[in-house]
Amino acid sequence: MRTNTLIGLYLAAIVLANFAVAYFGIVASIVCAFFLIGLDITARDALHERWYRRGLVWKMGALIAAGSLISAALNVKTSRVALASFVAFAGANIADALVYQLLHKRPTLQKINGSNVVTSLVDSILFPTLAFGAFMPLVIVLEFAAKASGGFVWSLILRKKAFSAA
């Protein structure tokens, strides 16, 4: 899979997730966590492989910002969710990068899913708290489970196509 395809999938997933959450609320955040955020956190790892020592930090930062900016530019009603998404993804991606790099000698699925668990936890605490303005333990647990399991499913789907070309 080409890097541009991964970038396109990443951006499309984050923009769709931001719109769904802005319009449908908390329930959509849990559904999006499985399908769309699971895709994003797994695609992030494939991009980590490609961009390591080639601008990983600034490229991922730009990608995270682009997803939020595109969401807000297309519809101002998504601005609060897009900002929450930016902050949550920035924090979660820092944690993901650290764990992914610590696991760099492990098999691909261990690296992906080990880092995805940490990413899911950080993002699941930050995103709903910022997007909905309250600390909601049940939503955090449900989002965490959805993101971690969605990331696992996406790791199986993308493992051969996205990681072998890295």
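Derivation of every value follows stated rules applied to the coordinates shown; laboratory data play no part. Everything quoted here is computed from the prediction, not taken from an experiment. Here the Cβ is made from the backbone with ideal geometry for all residues, glycine too, and neighbour counts use every protein chain on show.
Brief remarks on what is shown
- Residue within the stretch 48-55 that is surrounded by fewer than 20 Cβ atoms within 10 Å (Cβ to Cβ), in a helix (DSSP H, G or I) and among the aromatic types (Phe, Trp, Tyr) present: yes
- Filter result for Arg54 (in contact (Cβ under 8 Å) with a residue 60 or more places away in the chain and closer than 28 Å to Lys160 by Cα): no
- Test for Ile64: is it crowded, with 16+ Cβ neighbours inside 10 Å, touching a Gly at 6+ places or on another chain (Cβ under 6 Å) and assigned to a helix (DSSP H, G or I): no
- In the stretch 89-139, residue nearest to the chain's Cα centre (by Cα) [restricted to those that are buried (at least 19 other Cβ atoms within 10 Å of the Cβ), aromatic (Phe, Trp, Tyr) and under 24 Å from Tyr23 (Cβ atoms)]: Phe89
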